[in-house]
Each structure stands twice: as structure tokens, then as C-alpha cells.
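Contents: one structure, followed by commentary.
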Amino acid sequence: MNLEETYRSLGLSDAEYARVRELLGRTPNFLELSLFSVMWSEHCGYKNSRPLLGRFPSEGGRVLQGPGENAGVVEVGEGWALAFKVESHNHPSAVEPYQGAATGVGGIIRDILAMGARPVAVLDSLRFGDPADGRVRYLFREVVRGIGGYGNPVGVPTVGGEVEFAPAYTGNPLVNAMCVGLLRVEDLMRSRAVGVGNRVILLGARTGRDGIHGATFASDELSGESEARRPNVQVGDPFAGKVLIEACLELRRRDLLVALQDLGAAGITSSASEMAAKGGVGIEIETDRVPLREGGMEPWEVMISESQERMLAVVEPERVEEVLKVAARYGLGAAVVGRVADHGELRVLCGGEVAGSVPAEYLADAPAYEREVVEPEYLKEAQRLDVEEIPVPGDFNAVLLRMLSHPNLCSRRSVWEQYDYQVRTNTVVGPGADAAVMRIKGTKLGYAVVTDGRGKWCYLDPEGGGAATVAEAYRNLSCVGAEPVALTNCLNFGSPEKPAVYYQLARSIEGMSRACEALGTPVVSGNVSLYNETSGGAVYPTPVVGMVGVLEDVSCHATPGFGREGDVVAVVGASGRASLAGSEYLEIVHGRVAGRPPEPDLALEKECADRVRRLIAEGLVDTAHDISSGGLAVALAEMAIAGGVGVEVEVGSGRRPDVELFGEAGGQILIAVPGERWDEVREALAGVPWQIIGRTGGGGLKIGGFVDLKLEELRGAYGRDLFAEETG
Amino acid sequence: MSETLRRVRVLVRPKEGILDPQGEAVRRALPALGFGGVGSVHVGRLIELEVEDESQVEDMCRRLLANPTIEEYEWEVIG
Amino acid sequence: MKIGVVIFPGANCDADALYAVERIGAEPVELWHAEPDLKGVDAVILPGGFSYGDYLRPGAIARFSKVMRPLEEFARGGGPTLGVCNGFQVLTEARLLPGALLQNMSLRFVCRTVPVRVEHPDTPWSGACVPGEILHLPVAHNEGNYFAAEETIAQLEDEGRVIFRYLENPNGSRNDIAGICNAERNVVGMMPHPERVSDPLLGSEEGLKVLRSVLEFAGAKVH
């Protein structure tokens, strides 16, 4: 292979190679080229998204650490803080779903650990193709097994997430894992290497050839060849991951570390060069000191291996022995593999010789590509929807049952029962509610966490959909009584080299940013996954938001299930905005994905959600649920099923009944309040739109003259097993 | 590898009569892929190890590699 | 009263068990797997988790860890011993309890709260309950499907050694068995997690009844 073939095979473009030569002022050797190729991949270098990401607001009163670290960190109170981040493992999961998902969970857990936090909650946001497709069912089943297969043993509860199906994800599932960690403010760790002469210690599993060129692989479009590249995919070892967590937390507690970083994509290369670049120092790695799992590995392989369950620590020389002792107690591998130097380079040594040496800042500074933002042609066509063409169904009972049993709207119980959502006994409200609520032992404090994505809406209106995604997360947290604080996001898009996709990316970021500003929730961490494409085209543009909120008194929270008969049922939020555009009803019943979904009224959205949250925090409201996918009828059915109490409501705005029942708009919250408390609640709602629609009670769901179904009928449709063989 | 090590292959499988849901799942899946005429299927474990003293293998199997309550095993020296 | 909780490297319910022990007003004592010392505790809990990764069989490697020798002596000498979930699996591997725990019939991990009937209150880990009392306890396991030879099952039933029984069987266990004891009745193994229902904020503290039983048992012995 000549030089040109070599750098191209490593994924570098001609221009990028020219830039490497110019920066170094010489021709790089193979090892150095490998370092650039992994660090300048889209996955590590964010070449196409970096210029756009600066748009996100990232500051706020509670923010202790914004973007740029392993995870964002926000303050909760009483000296407690939360570290959190969401990350994609889409490409590995498309090829080997069990291990792809498992290592996705393991990787995000180590990101949180690197901040000095104990990982305390995992959420998984999953999207798959049409469940009628056999391979889709296989991917779905194995991804869910992989999440449980790692998350359950490692002892971090999986408390929430999403599952959604759409043909746009066939062949390219989205597997986004979020982790939240709890820490004392004073224990916050960072990944900045400092102190020339300090030692670099590799903790954890031995290094093999796992995932060699996985980072460049993650940035390629998936093709038929991807499956043949299976050996690239890393394998997770949750037991080693668990030991790593406990050992690192003890090292942190005893203040034995200067800096800590997890080894993810691009392995030692990425970790060491980022640590060095942040500290303005150099790092020397002696590859022959790295404990290996297999013989004959070349220095470049050692440097870019993505073997799992490893962390890199910077330690003062006099503390090395103590660190090794702690590791030994846990049976954790630990080896001094290098040192901090003053030359500013990532220098690789093998057998005492320099095998390669590159300034760390060059590796950390991938070229950035900015492209023109041009509205794509598909958009106008997709947004066109003449509601008059949509026939009004005759039997709304049948329509509602059909919708409740649809894979996108039915219960997710068959998924989350495969996850241990209780371990560590802090889960106050587990999966199945608007958001998970967790307590902080020894305090009254709690926090809530949720993930949301609205791919279809972002496809139909990237900017409005982006804003709606953030607004939905805000509303979900408010519905359990938490004050939304900050968010992390994972931007799942197609190839940015396609103008339509670049437009989606840019406008979604704009919409999300506007919502973040209006709602006061900064972005503190994030991840970008591009090139989510298959032969059928790009996936829906799917920014996934993971938002965290705080409860001052965790015992005052709300759940969606109706708890009592005779409660007043009211809708808080603007009425009359619901639309069939982009609704689940339009797709499930009429087979259409079309229209421009209503854009959120962010100021009103915030006001309504904040009022509901305060009512919950004051103990006046304990039943609340966001009206989302499927509209009012589905939301009411969910509340009745969850609580085992029926409900009777009237609708009567004079609009089409299918719009009333199944239209979607966002911005509305259903609450149920005991009659004797209603006056107090009404006073507290002064100034925001609300409307009483009915009362709880009876053995089923009655909506005007349109729906009359028993609880058993609702349960029968809603409670389906998504893994049953007839699925789809 | 040391000259004195022998390679041993241990096969562990569910005892006769023990319900084997994994085997059952495979048995049900095969016809869906067009493989007819499949009788019973059992899923077990294959363990390969290198030992200095093969007279210990029997004991290893009994004490750790298999659980005699639910599993049976056989082993052979393969090199 | 001092109650020891064994910590295997892959245990993940150890902190929950220690917390629950505190909730019943006993003194929790951490017992590290690599130390052959029970530190003078009055009762021992083997908590849930994945002791050593459980790649071979759940509990298969844990039974050979250093803490197990004094623990086996303690148990065989009549010391109150409770294995929960993975702890139950370890006790069967160590032959302190008969039978084995197979993979769930569904081939899926299951995390769910199920009604469990207390069949016999005459053990240190069920004495605070009345016979036939129904507790709502969560299970969270992949291998909880209790199996033993037919004669063994018959013997367990005849001798009143099925202590906890599922009313809704989540895993395919023979005779809906959720928990059993040894012939001497001091060693109990159960798949459901009593330590998880240890606080009203988490929905209920029904599980503490199981743990409080050992306090009553110890109290009765003193008087």
C-alpha cells in the first residue's frame, strides 16, 4: 500500500492528510497517521457539528461543569451534585446488537465515573425500524438484552428511556444511553493532566484488538460490508466494569488521583491526548508496559484499541504504590504506562525508542467543516396536509384500541421489566411514568430524569421539532414535580455531506437552543452521531434530549395513574392547538406522515409546566400526565390503566372529534385533584389556561359520546408483549 | 505454552429430563429459518483448558465446571 | 444485634442489604469476600448481585471464596443465614440448600413485584409473619427458576421447608417455590428481595418483616 492508499484506508481525506503534513512539517509515520485518523474521525473530532454546537446555551446558576468534559455537572443542594451525559452506540448496535448496546451502557457509565461520581441511574433511548421485519425484531430483542446484560450486573438501575419504531430506522437503529451520577461537590474530578513527572496509570481490563478502527467505523455509513466487519465490535464485561466503579470511587474518596479519564472511542490515544491538551502538557506512553490480552500487538494497535472497562489516571509518583494497592484489593488490573511531560506531545515509546510523537493539541483540534444551510425540497411536500382529505372514523372505540396496541403507544413494561430498575433502593418512581424520580439517601432531596426524542416531528419541521423535543422533556419533569435544571443531548442524524441532512442538523440545533433559552435549561454535555444512513436513506433527524430536574422534597411528587374516584380532571395549557399534523393517529390509522406540527409556545409552555410543578411540590397535586403521542384519549387511557381507576370526560370545542381525541400539540398537562382541594388549585392556576373536562370514577374510559371502553379492554390492548412472536 | 500442558475439552449439558428453555427456544426457531425435521435441541457449554495433570479434571468438573444437580459432563484430552 | 452482609466483588445489593439492616435497628457489618472472618456477627445475609460475574453459573465461583469457609461453619452450626437472589444461588452451589436455580422459563431477566405467601413462620427469617401472610416483594433475576429432583421437592413440601411461595410465578419455579430452608431451618434462601421494600418512600416496607424476624428470633433465644 502506498502512502495515499494508507491514509485513505484510515479514513483521512486528501485535504486532511495535507493538513497533518503541514502541522507536523514532515511526513507522519503509520502510527502517527493512525492517531490522526482516529482523533480526526467524526466520532472523536466532531468535524461537521462543532461549528453548530456553539449555539447551545451552556450556562446556568446550577451548572458546575458545562460541555468539554466527560459529562456535565449540576448542583442539587446540600453539597450534592449530579453528573450526566447521553451517548450513542448506533453503529456498533446495528452490527452486533447485544454487545453494541452493552458496551454503550458500559461506556457512558465510565464517562460519569470519570467525573468522580457514582453512577446511579441509566436511561436508554431506542429507535428501531418496522417491527414486522424479522431483523428489526432481532435487533430490538438483542439491544434490550444487551442493556440488561450489562446494566443489571453492574448494579446501576435502568430507570427510564424510550422505545420507538419507524421505517426510517430500519437497518440503522438508534441506541442512545444516558447515565446520571451522584457526587459531593468537592469530589468533582476532571480530566486535565497536570504536574510534569506525574505517572499515568492504566486501570482495568487488559488490552486486546477490540474495536481497532471502531471510531472511524462509527462515522461511516452502514453498508452490507459492515456486517463483515464484526470483529471490530467491542465486547463488554460488566463484572470488570463493576470492579472498576468500586475501585475508582475508593481512589477518588482517598484523594489519590490528579485526573481521571475513561477510555472510549480511540482508546489510549483519545484519552491521553485530551488529558494532555486540556492540561497544556505532554504525555508519554510506553506501549510495552500496557498489559495485553493477546500477543504480537503493534504499538499503533495498543494506542487505538477500544478494549472496554479501562480508565486512565494521572497520579503523583509518591502515591503510585497506594493506588496499585487499592486496585489489587479489588482484583483490578493496574499498570504504570507512562508519565506527564513538558513537551506538549503525545509521545509513544516502545522498547525505549520513540515510535511516534505528535503535539496533543493538534490531535484534539480536528478540522471543522461548515456548510451552507439550504432548505431541502422534501420539506414543503411533507408539510402539506389537507385535513379535509382525512376521513373521520365512525367507531372511536376501535380506533383507540388499535392505537393503544400499536408498538409505538402500547405499554413498555415488556421492555423495562428486563432491566433492574430498583437496585440501590433509591428509585421512588420507576419506568412507566412521565419521568423517573430518584431520592438522595440521607436527605429530603430528589431528582428526576427523562429522555425524549421526536424524530418524526424533526423530520417534518427540524426547528419546531427541535424546540418541541426540549419542551417535552421540560414538561415531563414538571409532571413528576421536578424543577428542570439542565440537559444533555445526543444528535442522531444522517450524513452531513447531504444538504438536506445538514439543514436538519442546523435547524434542529437552532430550535433546541431557542427552547433551552426560553425554558432556562442549559446544555451541559452532549454527543453527536452522524452518518446514520442505510440504502434507504437517512434516519429521521433525531435529537434526543436527556433532562435532569431537582425535587426539594422528594416525597412530594406525582405519578400518572388516577389514584381515587371522584377527582376533578383538568387540562392545564392552551386548548384548541391540537393538530393531526405529524400525529401518531395520522400515521397509525391513516398511514400518513405529513403536516407541520404545531410549534411550541415556549413562554406559555414554561408558565403552565411551572405552575403544575409548584402544585405538586406543595403537595396539592399528586396525579399528572403530559398529553403527548396519541393525544388526549391515549393520555387518559394511560392514566386510567396505571391507576386502575376509570374516568369520564366531555369534549366539546366543536372541532373534529378525531382532532379532539387524538390531535397533538404539546404544552398540555392533565391533572386529577380531589374535589375538596380544587378551589385551592384553581386559585394557584390563575393566569394560565385550564379547563375541567371531567371526573375520575367508573370502570372504564368514557369520552363524550365517542369512547366507552372498560378498563379490561384498555389493558388488553395496551398491555401487549412487544417481544411476543406475533409482534408486528 | 509449556510442553507439559495437555489440552482438555469439557462438555457440560443439562441433565436428561431437565427442562432446557434455551434448547427449546432454538428448537422453535429453526423451522422458522426453513430447517425442518429437527428433534430435541439441548444447549450446553464447552470449556477448553490446559492442565498439567489430567487426573484432576474429573474433580474440577465435579466441584466447579458443572453442577451435578442439573448438569452432566464429559471430557477428553484433545492435545 | 450484629448482622453481617457478605460483599463479593460483583455483589450489587450489598449496600441495600446494609441499609435494610440499619432500618430494622440492627448493626450492619461488612464481610469482605477475601477475608475468612465473620467478625462475630449474630446472623449473615448473602445479598444479591453477580458475585464473580456469574459467567459460569450464578454463585459457582463465589462458594469457593475465603469468607465461605467460616460462613459454612456458622450455617452448619445453626447460625441464622439468609441468601437473597444471588445469595440463594450461592447457598445451593455450596450445598447448604438443596436444588439449583435455572434460567427463567421466559429466557428473560425479570424485575417485577410479585405477591409471595409466607408458608411457614418457624424460621429465623419468617418468624415475624403469620402463616399465609402475603407479602409483595420484588424479584430481579435471570436465573430464579427453582429446580430439584422430584423426591427433593416432595421432601421439601413434606417437611414444611418451602418457606415462601409465589402466587404469581415469575420464572417457572417448581411448585411456585420462592424460598426454602435447610433441614435445621436456620438457613433460608429466597429469590425475592425483601431488602428492596424497606422504606415507605419506595412504595412499602413489607420486606423489613423478613429481616425483623431474625431480631425476634435472637430475642427469643436470649429470654
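The values are calculated or read from the model by the stated rules, or taken from the named source; none is laboratory data. Source: prediction; values computed, not measured. Cβ: placed from backbone, ideal geometry, glycine included. Neighbour counts: every protein chain shown. Note: areas computed on protein heavy atoms with side chains; ligands, DNA, RNA excluded. Shrake-Rupley method; radii C 1.70, N 1.55, O 1.52, S 1.80 Å.
Relative contact order, percent, of the range C:2-222 when contacts are C-alpha pairs under 8 Å separated by at least 6 residues? Numbers along the way, then the final one.
On the way: 541 pairs, mean separation 44.8, N = 221.
Reported relative contact order: 20 percent.
With just the Cα atoms defining each centre, how far is the range A:284-335 from the range A:601-678? Give it in Å.
Using only Cα atoms, the two centres lie 54 Å from each other.
Taking amide H positions as placed in the peptide plane 1.01 Å from N, state which residues far from C:I163 in sequence (5 or more) or on other chains have amide H under 5 Å from it.
Here the answer is C:G179, C:I180, C:C181, since their amide H atoms fall under 5 Å of that of C:I163.
Can you tell me the relative contact order of chain B? Whole percent, Cα pairs under 8 Å, sequence separation 6 or more. Provide the component values of the computation, followed by the final result.
Working: 104 pairs, mean separation 42.2, N = 79.
So the answer I get is 53 percent.
Can you list the residues in the range C:179-201 whose accessible area drops by at least 50 Å² when all protein chains are present, compared with the chain alone? Use a 1.4 Å probe, heavy atoms only.
The answer is C:R196, C:L201 - residues whose exposure falls by at least 50 Å² when every protein chain is included.
For the range C:87-212, what does the accessible surface come to per residue with a 1.4 Å probe? Please give it in Å².
Heavy-atom accessible area per residue stands at 31 Å².
Report the relative contact order of chain A, percent, no decimals, based on alpha-carbon pairs under 8 angstrom and at least 6 residues apart.
RCO, chain A: 15 percent.
Quote the charge dipole size of the range A:1-125 about the Cα centre in Debye, to the nearest 20; the model charges only the Cβ of Lys and Arg (+1) and of Asp and Glu (-1). Let's see the in-between values first.
Details: 11 positive and 15 negative charges, 35 e Å.
Roughly 160 debye, rounded to the nearest 20.
Tell me, what HN-Hα J-couplings in whole Hz come from the Karplus equation 6.51 cos²θ - 1.76 cosθ + 1.60 at θ = phi - 60° for each residue of the range C:53-65, using x for Gly and Pro?
After applying 6.51 cos²θ - 1.76 cosθ + 1.60, I find x, 6, 6, 6, 8, x, x, 5, 8, 4, 5, 9, 6 Hz.
Return the value, in Å² to the nearest 100, of accessible area buried between chains A and C (probe 1.4 Å, both sides summed). Working shown, then result.
Working: alone 25000 and 9590 Å², together 32190 Å².
By this definition, chains A and C bury close to 2400 Å².
Run the quick spin-label model on A:E552 and A:E676: label points 7 Å from Cα toward the beta carbon, then report their separation in nm to one decimal.
Modelled inter-label distance: 2.6 nm.
Quick check: convex hull over the Cα atoms of the range C:39-102, volume per residue in Å³, rounded to an integer?
Spelled out: Cα convex hull of the range C:39-102, divided by residues, is 78 Å³.
Relative to the isolated chain, which residues of the range C:129-156 have their accessible area cut by 20 Å² or more in the presence of all protein chains (1.4 Å probe, heavy atoms, no ligands or nucleic acids)?
Correct list: C:F147.
Return the sequence-ordered ³J(HN,Hα) values of the range A:180-186 in whole Hz as given by the Karplus equation 6.51 cos²θ - 1.76 cosθ + 1.60 applied to θ = phi - 60°, using x for Gly and Pro.
For the range A:180-186, the Karplus-derived couplings read 10, x, 10, 8, 7, 3, 6 Hz, x marking Gly and Pro.
Rolling a 1.4 angstrom probe over the protein heavy atoms, how many square angstrom per residue are accessible across chain A?
Computed with neighbouring chains in place, this is 33 Å² per residue.
Per residue of A:237-244, how many C-beta atoms from partner chains lie within 10 Å of its own C-beta, taken as a mean? Before the final figure, lay out each step's value.
Details: counts 2, 6, 9, 3, 2, 7, 3, 0.
That works out to 4 on average.
Can you list the HN-Hα couplings for the range C:29-37, worked out from phi with the Karplus curve (6.51, -1.76, 1.60; θ = phi - 60°), rounded to whole Hz and with x for Gly and Pro?
10, 7, 10, 6, 4, 8, 10, x, 8
Just read off the accessible area of A:M189 with the full protein assembly in place, 1.4 Å probe, to the nearest 10 Å².
10 Å²
So what is the diffusion coefficient of the range C:2-222 in µm² per second by Stokes-Einstein at 37 °C and 0.692 mPa s, using a Kirkwood Rh over Cα pairs?
D = 196 µm²/s.
Grab the other residues whose beta carbon is less than 9 angstrom from that of A:C556, score K and R as +1, D and E as -1, and report the net.
Around A:C556, the charge tally is -4.
If the cut-off is 16 Å between C-alpha atoms, which lysines fall inside it for A:K710, apart from same-chain ones fewer than 8 positions away?
A:K702
Do any residues of the range C:4-30 lose at least 30 Å² of accessible area when the full set of protein chains is present rather than just their chain alone, and if so which, with a 1.4 Å probe?
C:P9, C:N12, C:D16, C:Y19
Projecting each Cα onto the charge dipole of the protein assembly as shown (Lys/Arg +1, Asp/Glu -1 at the beta carbon, about the Cα centre), which of B:L11, A:G331, A:A266 comes out farthest on the positive side?
Farthest towards the positive pole: A:G331.
State the answer as a single residue: which of C:G189, C:V139, C:M105 lies farthest towards the positive end of the charge dipole of chain C, with beta carbon charges of +1 for Lys and Arg and -1 for Asp and Glu, about the Cα centre.
The residue sitting most towards the positive pole is C:M105.
Within chain C, what's the longest run with no GluC sites (Glu not before Pro) in a DSSP loop and at most 15 other beta-carbon atoms within 10 Å? Give the range, please.
C:1-132
Specify which residue in the list A:I108, A:A360, A:Y378 is farthest towards the positive end of the charge dipole of the protein assembly as shown, using unit charges on the beta carbon of Lys, Arg (+1) and Asp, Glu (-1), about the Cα centre.
A:I108
Normalise the Debye intensity by I(0) for the protein assembly as shown, one equal point scatterer per Cα, no solvent, then take log10 at q = 0.05, 0.08, 0.09 Å⁻¹ and round to two decimals.
With one equal scatterer per Cα and no solvent, log10 I(q)/I(0) is -0.31, -0.83, -1.06.
Gain in length, A:D288 to A:R184, computed as 0.36 nm per residue apart minus the alpha-carbon separation, to one decimal in nm?
33.7 nm
For chain C, modelled as a Gaussian network with Cα springs under 10 Å, which listed residue fluctuates most, C:P200, C:P98, C:P58?
Comparing C:P200, C:P98, C:P58 in the GNM, the peak value goes to C:P200.
Percent of accessible area on the range B:6-77 owned by carbon and sulfur, 1.4 Å probe?
Numbers: 2230 of 4520 Å².
That fraction is 49 percent.
If I take R0 = 60 Å and measure r between the Cβ atoms of A:R715 and B:E16 in this structure, what FRET efficiency does the formula 1/(1 + (r/R0)^6) give, to the nearest 0.05?
With a Förster radius of 60 Å, E is 0.90.
Using the Cα centre as the reference, give the magnitude of the dipole from point charges on the C-beta atoms of the range C:2-222 (Lys, Arg: +1; Asp, Glu: -1; all else neutral), rounded to the nearest 20 debye.
Dipole about the Cα centre, nearest 20: 220 debye.
Per residue of A:329-342, how many C-beta atoms from partner chains lie within 10 Å of its own C-beta, taken as a mean? Kindly include the intermediate steps, with their values, before the conclusion.
Values: counts 3, 2, 4, 1, 0, 0, 0, 0, 0, 0, 0, 0, 0, 0.
Average neighbour count from other chains, rounded to a whole number: 1.
For the range C:2-222, what % of the accessible area comes from carbon and sulfur atoms, probe 1.4 Å?
Details: 3740 of 7400 Å².
The value for the range C:2-222 is 50 percent carbon and sulfur by accessible area.
Counting only protein heavy atoms and rolling a 1.4 Å probe, how much accessible area do C and B lose on contact, total for both sides, in Å² to 100?
Summed over both sides, the interface buries about 1400 Å².
Using unit Cβ charges (K, R positive; D, E negative) and no other charged atoms, how large, in debye to the nearest 20, is the dipole of the protein assembly as shown about its Cα centre?
Dipole about the Cα centre, nearest 20: 780 debye.
Could you let me know the centre-to-centre spacing of the range A:686-728 and the range C:40-79, using Cα atoms, in angstrom?
48 Å
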